[in-house]
Amino acid sequence: MSDEAGIPEGSLQNLVDQTSLKWIFVGGKGGVGKTTTSCCLGVTLAAHRGKVLIVSTDPAHNLSDAFSQRFTREPTLVNGFTNLFVMEIDPTIELEESVDGVSDASGMQSFMKDLTNSIPGIDEAMSFAELMQDGASASSSVGRKGSKEINFK
């Protein structure tokens, strides 16, 4: 449902009904309920969709606490579900691995480290960029190179 201006209604039901919706980003300052919101969205969407993946770039790994289960950088099935998966990515480690992969022959590695340390939030942005690149699109599969892949069609 939408209003006269064509703006969709801001409701959970609207998110569930939007079958073309592939990505939902939950953001905000610390303590506003991002983890709680993400978990509720994931559980609700899992009841209505084929497969759902929740990805966290919070180094505190609060999704592991919320579901009482340890998650890693690999998509892991949540206990008690057949179609809800979680990945907890540490953006600092991901960024370090990306920079370490750059050739240092021309001093680019040092430059990249300086650059990435000077831009707030770049580690999270790089983590999402890598995830989207690995999966090619939300309708294909997600998995790290050399690991199992999960098809999210």
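Scan region 77-89 residue by residue and report those that are over 9 Å from LEU53 (Cα atoms) and crowded, with 20+ Cβ neighbours inside 10 Å.
Answer for region 77-89, where residues must be over 9 Å from LEU53 (Cα atoms) and crowded, with 20+ Cβ neighbours inside 10 Å: VAL78, GLU88, ILE89.
Report yes if some residue within region 56-64 is more than 28 Å from THR19 (Cα to Cα), under 12 Å from the mean Cα position of the chain (by Cα), assigned to a helix (DSSP H, G or I) and in contact (Cβ under 8 Å) with a residue 12 or more places away in the chain; otherwise report no.
Looking through region 56-64, none of the residues is more than 28 Å from THR19 (Cα to Cα), under 12 Å from the mean Cα position of the chain (by Cα), assigned to a helix (DSSP H, G or I) and in contact (Cβ under 8 Å) with a residue 12 or more places away in the chain.
Bear in mind these aren't lab numbers, they're just calculated from the coordinates by the rules spelled out. The model shown is predicted, which means the values in this text are computed figures rather than measured ones. For neighbour counting, all protein chains shown are included, and Cβ atoms are generated from backbone atoms with ideal geometry for every residue, glycine included.
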